[in-house]
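Peer 1: Below is one structure. I have some questions about it.
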Amino acid sequence: MNDLPKRDQWGDLLPERKLGATGESVTMLGTGGAHVGRAETDAEAHAIVETAISGGVRFFDTAHSYQSGRSEERYGRFLTPKYRDGIFLMTKTTAKDAKTARENLETSLRRMKTDCLDLWQAHSLKDPDDVDARIENGVVDVFEQAKMEGKARYIGFTGHKSPYAHARMLERTDVFDAAQLPINCADPSFESFVLIVLPELVRRKMGVLAMKSLSNGGFFGGDKQFCHGPHPLLVPERVSIEEAVSYTWSHPVSVLITGADNADQLQEKIEIARRFRPLAVSDMQTLVDRVSDRAGNIVEFYKREVAT
């Protein structure tokens, strides 16, 4: 067996995984575009992009809404002019109606200086009613049209507030190629995407895009997006960063999208990816048990609006 890493003109790639039934392979680690947009300076954003490329990351996430377009614009300056042919590029829209979805698509393509997305996703589904409204307002129709027109090779949807939003989209449609969802060791103990959504995605052979492996800062005591905070720490008191991301990768996910505040944080995840070995089921359950009493609104604050 040849264990040498796959290479392209920019170096060795991280290990790849299948993106569902699309026939595509993507690197097991992806770069989160919100953090590229949040970087204080262009130089810091550029450094994150270059660290990703040099470290073998070829999957790049962003969204139309991130930093009012700054994330996509930075990709259009620092990523696509040099690397477009070698990367998998994804963006998302929170549009609630067909007209806005189409406008967002055209704007995203222009900002990122590309004529086609590798993946375009309906972003941040809140609950079943939100799903129903987007379908009734023609948003899913626009996604299908974009795929037929060649402006998006694949289409998907995302959300982190409620697994029942994902479940409703899966009940009502069968047109999507991928879905993005939180997968971390706190999730199975409260309103679980891992238990409610993941098995159906696997059954349908859809690409699984994992996010929030550290609960968007919740493992560091955070109680709002991107921030550490006042709550008791899960990292390092109960789990290590490596254990947490290894838990996520040990599920049937195509890619783990990581939000790195700087190039050093991204490099840390790259090194963990290189030495990753799947956890045994018993070891995964041990991690779940360690944090179960903190699951839900204490750690997974992004589920707060739909918690019961």
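The values are calculated or read from the model by the stated rules, or taken from the named source; none is laboratory data. Remember, it's a predicted structure, so these values are computed and weren't measured experimentally. Heads up, the Cβs are rebuilt from the backbone with ideal geometry, glycines too, and the neighbour counts pull from every protein chain shown. When the accessible area is computed, the model is the full protein with side chains, heavy atoms only, and any ligands, DNA or RNA have been set aside. Shrake-Rupley method; radii C 1.70, N 1.55, O 1.52, S 1.80 Å.
Peer 1: Over region 1-115, calculate the relative contact order: mean separation of alpha carbon pairs under 8 Å at least 6 apart, over the residue count, as a percent.
Peer 2: Values: 163 pairs, mean separation 26.3, N = 115.
With pairs under 8 Å counted, the relative contact order is 23 percent.
Peer 1: Could you give the accessible area per residue of the chain, probe 1.4 Å, as a whole number in Å²? Intermediate values should be presented prior to the final figure.
Peer 2: On the way: 12810 Å² over 308 residues.
Ligands and nucleic acids excluded, the result is 42 Å² per residue.
Peer 1: Here's another thing I want to ask about it. Within region 199-308, list the trypsin sites (Lys or Arg not before Pro) lying in a DSSP loop whose Cβ has at most 15 other Cβ atoms in a 10 Å radius.
Peer 2: Values: sites: 203, 204, 205, 212, 224, 238, 269, 274, 275, 290, 294, 303, 304; in loops: 204, 205, 212, 224, 238.
Answer in residue order: 204, 205, 224.
Peer 1: Now, a different point. What number, in percent, do you get for the relative contact order of region 31-183 if the mean sequence gap of Cα pairs under 8 Å and at least 6 apart is divided by its residue count?
Peer 2: Details: 260 pairs, mean separation 29.3, N = 153.
Relative CO of region 31-183 lands at 19 percent.
Peer 1: Right, here's the next one. Taking θ = phi - 60°, what integer Hz values does the Karplus form 6.51 cos²θ - 1.76 cosθ + 1.60 yield along region 288-299, in sequence order, with x for Gly and Pro?
Peer 2: 4, 5, 4, 10, 4, 6, 9, 5, x, 5, 6, 10
Peer 1: Next question. Give the long-range amide H neighbours of residue 30: residues separated by 5 or more places, or on another chain, with amide H under 5 Å away, using H modelled in the peptide plane at 1.01 Å from N.
Peer 2: Distant-sequence amide H within range of residue 30: 256, 257, 258.
Peer 1: Along region 125-133, what does the Karplus equation 6.51 cos²θ - 1.76 cosθ + 1.60 (θ = phi - 60°) give for ³J(HN,Hα), rounded to whole Hz, x for Gly and Pro?
Peer 2: 4, 8, 6, x, 5, 4, 4, 4, 5
Peer 1: Leaving ligands, DNA and RNA out of it, rank 158, 51 by accessible area with a 1.4 Å probe, largest first.
Peer 2: Numbers: 158 0, 51 25 Å².
If we order 158, 51 from most to least accessible, we get 51, 158.
Peer 1: Using modelled amide H (1.01 Å from N, peptide plane; none on Pro or chain starts), what sits under 5 Å from the amide H of residue 88, excluding residues fewer than 5 places away?
Peer 2: 59, 60
Peer 1: So, one more: Taking H as built 1.01 Å from N, whose amide H comes closer than 5 Å to the amide H of residue 152, not counting residues under 5 places away?
Peer 2: Distant-sequence amide H within range of residue 152: 117, 147.
Peer 1: Still on this structure: Where in region 196-214 does the amide nitrogen come within less than 15 Å of the point 7 Å from the Cα of residue 21, taken along Cα to Cβ?
Peer 2: Within reach of a label on residue 21, which here means backbone N under 15 Å from a point 7 Å along Cα→Cβ, region 196-214 contributes 200-208.
Peer 1: Moving on to the next point. Name the residue farthest towards the positive end of the dipole of the chain from the options 176, 202, 213, assuming +1 on Cβ of Lys and Arg, -1 on Cβ of Asp and Glu, about the Cα centre.
Peer 2: The Cα lying farthest towards the positive end belongs to 176.
Peer 1: For the chain, what does the helix formula give at 222 nm: sum of -39500 (n - 2.57) over DSSP H segments with n ≥ 4, over the residue count, nearest 500 deg cm²/dmol?
Peer 2: After summing the helix terms and dividing by the residues of the chain, the value is -11000 deg cm²/dmol.
Peer 1: For residue 195 and residue 113, compute 0.36 nm times the residue count separating them, minus their Cα-Cα distance, and round to one decimal in nm. Provide the component values of the computation, followed by the final result.
Peer 2: Details: separation 82, 0.36 × 82 = 29.52 nm, distance 3.84 nm.
Full extension of this stretch gives 25.7 nm more.
Peer 1: Same structure, new question: Determine the gain in length on full extension of the stretch residue 237-residue 171; use 0.36 nm per residue of separation and subtract their C-alpha separation, reporting nm with one decimal. Each step should come with its number before you reach the end.
Peer 2: On the way: separation 66, 0.36 × 66 = 23.76 nm, distance 3.96 nm.
Once the chain is fully extended between residue 237 and residue 171, it gains 19.8 nm.
Peer 1: Modelled label-to-label distance, residue 205 and residue 267, 7 Å Cα→beta-carbon offset: nm?
Peer 2: Rounded to a tenth, the inter-label distance reads 4.1 nm.
Peer 1: With θ set to phi - 60° and the Karplus curve 6.51 cos²θ - 1.76 cosθ + 1.60, what are the ³J(HN,Hα) couplings of region 101-117 in order, to the nearest whole Hz, using x for Gly and Pro?
Peer 2: 4, 4, 5, 4, 4, 5, 5, 4, 4, 5, 4, 8, 6, 9, 9, 7, 8
Peer 1: Before anything else, pin down the relative contact order of the chain: Cα pairs under 8 Å, at least 6 apart, normalised by residue count, whole percent.
Peer 2: Working: 622 pairs, mean separation 59.6, N = 308.
For the chain, the relative contact order is 19 percent.
Peer 1: Looking at the chain, send over the antiparallel percent of its DSSP beta bridges, to the nearest 5. Don't jump to the answer; show the numbers that get you there.
Peer 2: On the way: 5 of 32 bridges.
Within the chain, antiparallel bridges account for around 15 percent of the total.
Peer 1: Okay, moving on. Starting from 0.36 nm per residue, how many nanometres of slack lie between residue 148 and residue 42 once their C-alpha separation is accounted for?
Peer 2: Numbers: separation 106, 0.36 × 106 = 38.16 nm, distance 3.51 nm.
Using 0.36 nm per residue and subtracting the Cα-Cα distance, I get 34.6 nm.
Peer 1: While we're looking at this one, here's another question. How many percent of DSSP beta bridges within region 1-126 run antiparallel, rounded to 5? Show your work: numbers first, answer last.
Peer 2: Numbers: 5 of 14 bridges.
Percent antiparallel among DSSP bridges in region 1-126 is about 35.
Peer 1: In debye, nearest 20: dipole of region 211-308 around its Cα centre with unit charges on the Cβ of K, R (+) and D, E (-)?
Peer 2: Dipole of region 211-308, to the nearest 20 debye: 180 debye.
Peer 1: Here's a follow-up. Can you pull the one-decimal nm distance between simple spin-label points at residue 9 and residue 103, each 7 Å off the Cα toward Cβ?
Peer 2: 3.8
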